[in-house]
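The values are calculated or read from the model by the stated rules, or taken from the named source; none is laboratory data. Just so it is clear, the model here is predicted, and its values are computed rather than measured. Heads up, the Cβs are rebuilt from the backbone with ideal geometry, glycines too, and the neighbour counts pull from every protein chain shown. Note: areas computed on protein heavy atoms with side chains; ligands, DNA, RNA excluded. Shrake-Rupley method; radii C 1.70, N 1.55, O 1.52, S 1.80 Å.
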Amino acid sequence: MTTPRSNPFPFPAGRSAMSRRQLLIRAGALGAAGVSLPALLAACGGNSDSASSGSTPATTGGTSGGGGGGGGGGTSGGLFFENWPSYIDPTEDGATGTVDRFREATGIDMRYTEAYNDNNEYFAKIQPLLGRGEPIDPDIIAPTSWLASRLITLEWLDKLPLDQVPNATNLRADLKNPSWDPTGEYSLPWHAGFAGIAYNSDVTGREITSVDDLFDPEFAGKVGALTEMRDTIGVIAMSLGIDISTISSFAEAQPAFDKLQEAKDSGQIRRFHGNDYFDDLSNGNLAITIGWSGDVAAIARDNPAVKFVFPESGATSWADTMVVPKGARNVDAAAQWMNFVYDPVQAAQITAFVGYVSPVAGVREEVEKLDPDLANDPLVFPDDATLANTKGFAPLSEDVEAEYDAAFSAIIGA
């Protein structure tokens, strides 16, 4: 994750310009760096279109409901999916990626771009059109669960044509009817991950198991925290006995904000960061921080002293989803895509590349055929005990979201 990326939270929403997935891939941690989530989901993606990463989102200023960027996006009969960078298996080195396999299997002209770099940023781009009741160009977008919840509340999404997605029955039972989409009519998970404690054992000199270690004077000036509000506040709140899965007011989380403020004011916290903590954690500028499991798996490949732990009090979970924006023109094609990627054989190809937790039942058996080591990675295929010790942040109302955002931004100096 990174900063302004997103989540179901205000400022916290975020992976930054360099997403969690990009960093993971660039660090060569694809096969081993799995991130998993309790009742969440996620997946990583790559690029498969001429207008891939670095391209201008089709949702930027001036885009109207009528038009679309080529390759089928915004045109009848085609399909346009705008996803996070490096979040799908690409076509390269002689291997055929999921997008090309889909094109070949269905004959659908598909445009796939990676212009979704941050939840808050993306929301700002689609708000002018969807807020006026006009469609955006993409037929499918991939907001993190908290933003998906917000889009549902704003009535900016269409219900999924699940009758055309028979493979939706492959959705893992523990991921059905999530808090952000109680009826399960508006979203299907893409992939998921966790936030817990990352630390450098060469610097700490001991194993870390508790959130209390973040506030140990022994590590003053060598502590970090994520700019993703829901993960930083969530991890701290859980250590204080606060159930973040049912939280509905700012007052309930106030103790966590106060504890974070005190740590900042005392100099305990060195800095707040997005994905850009790799070097500081590896070289010892940070002894301990709130971080993402997939990121740490990437760092650990080069520096085994860097470790990730699920705090005794629990870790937070995040998930990215597939949703259809209101007024999308190619809903039938979107249904075919969702059905395709919910086939365990296809989903395994994506999971093997991105190394995150798949929402599709039966994927582990298929991944076993591709990468036995990955199939045994507890972060990619977490057991029930691990999942039981993770929670996602409850959906917040617009007013409460604004309170959280303002308070967190004031603390981190955003």
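Quick rundown of the values:
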| item | result |
| --- | --- |
| Calculated FRET efficiency for the pair D216/S248, C-beta based, R₀ 35 Å, to 0.05 | 0.65 |
| Among the listed pairs K222/K307; K264/K307; K222/K259; K222/K264; K176/K391, those beyond 19 Å (Cα-Cα) | K264/K307 |
| Under-5 Å amide H pairs with Y356, H placed in peptide plane, nonlocal only | V35, C44 |
| Per DSSP, loop trypsin sites (Lys or Arg not before Pro) in the range 184-233 with at most 15 further Cβ within 10 Å | R206 |
| Probe 1.4 Å, protein heavy atoms only - accessible area per residue of the range 147-261 in square angstrom | 37 Å² |
| Centroid-to-centroid separation of the range 129-152 and the range 235-291 [C-alpha atoms, Å] | 29 Å |
| Cα-Cα P(r), the range 219-363, percent of pairs per 5 Å interval | 2, 8, 14, 15, 15, 13, 12, 10, 7, 3, 1, 0 |
| Accessible area of the range 305-414 divided out per residue, in Å², using a probe of 1.4 angstrom | 36 Å² |
